[in-house]
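Engineer: This structure is in structure tokens; I'll ask about it shortly.
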Amino acid sequence: MAKRQKFHTRLCDVLGIEYPVIQAGMGGFADPPLVIGVSEAGGLGTLGAATYTADGLIEAIKEIRKGTKKPFAIDILLPDSLEDMAGVDKEKLREYIPEEYKAYEKELRKKFGVPLDYHTHRQVDMWTMEGTKKMLQVCLDNRVPVIAAGLGRLGWVMPECKKRGIKTIGIGSNVKMALKHVEDKVDVIVAQGYEAGGHTGNIGTLAVVPQIVDAVKPIPVAAAGGVADGRGLAAALSLGAEGVWCGSMFLLTPEATFTEGQKDRVIAATERDAVITKGLSGKTMRQLRTEITRTWDQGPLPPLGWPLHLILMEDIIDYCYDSKDQKKYDEMLVTPCSQATRLLNRRRTTKQVIDDMVKEATQIIERDIPKRLILT
Ligand SMILES: Cc1cc2nc3c(=O)[nH]c(=O)nc-3n(C[C@H](O)[C@H](O)[C@H](O)COP(=O)(O)O)c2cc1C
């Protein structure tokens, strides 16, 4: 067997991985098979825990550990502090939804063919303070190798993580947020640009990564947002990052929790189809345009804020998955995706995706740049 080339940075040493490639947390799309695939291929696989209950998370961690002995991460959506969550309860929150929105949701059910009496069966624990604490406790009790904070701060759990040798990742889409992670003493900071799929900030990757690198030195930075091949990895290293945090790049793998229809839509998408919308969660989120996003982006009512909007829309969103008529509803499935859509043009295994990325980046750094550069 051909010997694999070593492509190593300080970030690899901190996280105990072979290649500086972290698969980003993607709630509902990054489950144990993808985590195992990425970690086994030499990157860091990350479970998107937003769609889990604490009990479900215990089972998922067991499954991951059965599939790989290598490090992996759990990505949890956190508040900035525990106080921020006090009193948050999904059923109580529902009472804050204005009546005209409840009436409009009924109209949308009719428009999209969602029965009025359909209610989602999906149970998640992230809505309440106890639920979030329970999820974190599961991570701590099971000494998961890495915890990532998809939103918010890890400060209040850092002492427990340090005690157990758990590494931590914080995500920032601007210097101000990145500096909060420095204060919390996280081990790795993700600098994420506007191009990213999912919830995203508003500064471009090329601009935000070096600014965060400068601000958080010497903490290693992983660049994110539109990084989808070896060129992106080489560029990230040029910007001072020591690795990458990629979500969209893994969506076309068999290990991702994505329907074949969703994969076809990503492959067919142009760079203009991955739009920012508040129509799903009430927070700015990049995803492929659908009838649902169009309806809210052009509709009579502005989206409610987070999390009320998601609570309002969750039955309609989940019906698209639950319906037996998958062909009809595939077009409406929530499909977060970066602006690098045309680079996401073929189905490959997770191992192939990582091997291709590392091989291409190596070639660019060793051969292509020196060949193109005219230094006189
Ligand atoms: C399908 C998908 C789902 C995502 N879900 C989450 C999530 O649940 N929690 C989170 O912190 N970020 C989520 N994100 C954002 C990713 O963690 C990551 O920051 C982003 O994908 C990086 O940009 P890229 O898509 O250009 O690689 C999601 C992104 C995608 C593409």
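Engineer: Please report the net charge: other residues with Cβ closer than 12 Å to the Cβ of R367, K and R +1, D and E -1.
Structural biologist: 0
Engineer: Pull out the extension gain between D322 and K163, defined as 0.36 nm times the separation in residues minus the alpha carbon to alpha carbon distance; nm, one decimal.
Structural biologist: Once the chain is fully extended between D322 and K163, it gains 53.0 nm.
Engineer: If one computes the Cα centroid of the range 281-306 and of the range 341-366, what distance in Å separates the two points?
Structural biologist: Result: 32 Å between the Cα centres.
Engineer: By the scheme Lys and Arg +1, Asp and Glu -1, what is the net charge of all other residues having a beta-carbon under 11 Å from that of A30?
Structural biologist: Result for the local shell: -3.
Engineer: Given the peptides 204-211, 299-306, 136-143, arrange them by the average over their residues of other C-beta atoms within 10 Å, most packed first.
Structural biologist: Per-residue Cβ counts within 10 Å, averaged per peptide and sorted highest first, yield 204-211, 136-143, 299-306.
Engineer: OK, next. Applying a 10 Å radius around every beta-carbon, put 176-183, 234-241 in order of their mean neighbour count, most first.
Structural biologist: 234-241, 176-183
Engineer: In addition: Output the relative contact order of the range 110-207, whole-number percent, from Cα pairs under 8 angstrom with separation of 6+ residues.
Structural biologist: That works out to 18 percent.
Engineer: Indicate the gyration tensor shape class of the range 151-297 (rounded, prolate or oblate), computed on the Cα atoms with a ≥ b ≥ c the square roots of the eigenvalues: a/c under 1.5 is rounded; otherwise a/b larger than b/c is prolate and the rest oblate.
Structural biologist: prolate
Engineer: Enter the accessible area per residue of the range 270-376 (Å², integer; probe 1.4 Å; all protein chains in place).
Structural biologist: Accessible surface, normalised per residue, equals 52 Å².
Engineer: When the solvent-accessible surface of protein heavy atoms is calculated with a 1.4 angstrom probe, in what order do I189, I365 fall, highest first?
Structural biologist: I365, I189
Engineer: With r as the distance between the Cβ atoms of Q123 and K62 and R0 = 30 Å, compute the FRET efficiency 1/(1 + (r/R0)^6) and round to 0.05.
Structural biologist: Here the calculated transfer efficiency is 0.95.
Engineer: Here's another thing I want to ask about it. Can you tally the net charge around P220? Count Lys and Arg as +1, Asp and Glu as -1, for every other residue whose Cβ sits under 12 Å from the Cβ of P220.
Structural biologist: Result for the neighbourhood of P220: 0.
Engineer: Normalising by the residue count of the range 185-303, find the relative contact order in percent from Cα pairs under 8 Å and 6+ residues apart.
Structural biologist: 21 percent
Engineer: A follow-up question, please. Tell me what the chain gives for mean residue ellipticity at 222 nm when only DSSP H runs of n ≥ 4 count, each as -39,500 (n - 2.57), the sum divided by the residue total, rounded to 500 deg cm²/dmol.
Structural biologist: Counting only the DSSP helices, I get -12000 deg cm²/dmol.
Engineer: With a 10 Å radius around each residue's Cβ, average the other Cβ atoms per peptide and rank 153-163, 219-229, highest first.
Structural biologist: 219-229, 153-163
Engineer: One-quarter of the Cα convex hull surface for the chain, in nm²?
Structural biologist: Over all viewing directions, the chain projects a mean Cα-hull area of 19.7 nm².
The values are calculated or read from the model by the stated rules, or taken from the named source; none is laboratory data. None of the values given here were measured: they were computed from a predicted structure. Please note: Cβ atoms are built from the backbone with ideal geometry, for glycine as well, and neighbour counts cover all protein chains shown. All accessible areas refer to the heavy atoms of the entire protein, side chains included, with ligands and DNA or RNA removed. Shrake-Rupley method; radii C 1.70, N 1.55, O 1.52, S 1.80 Å.
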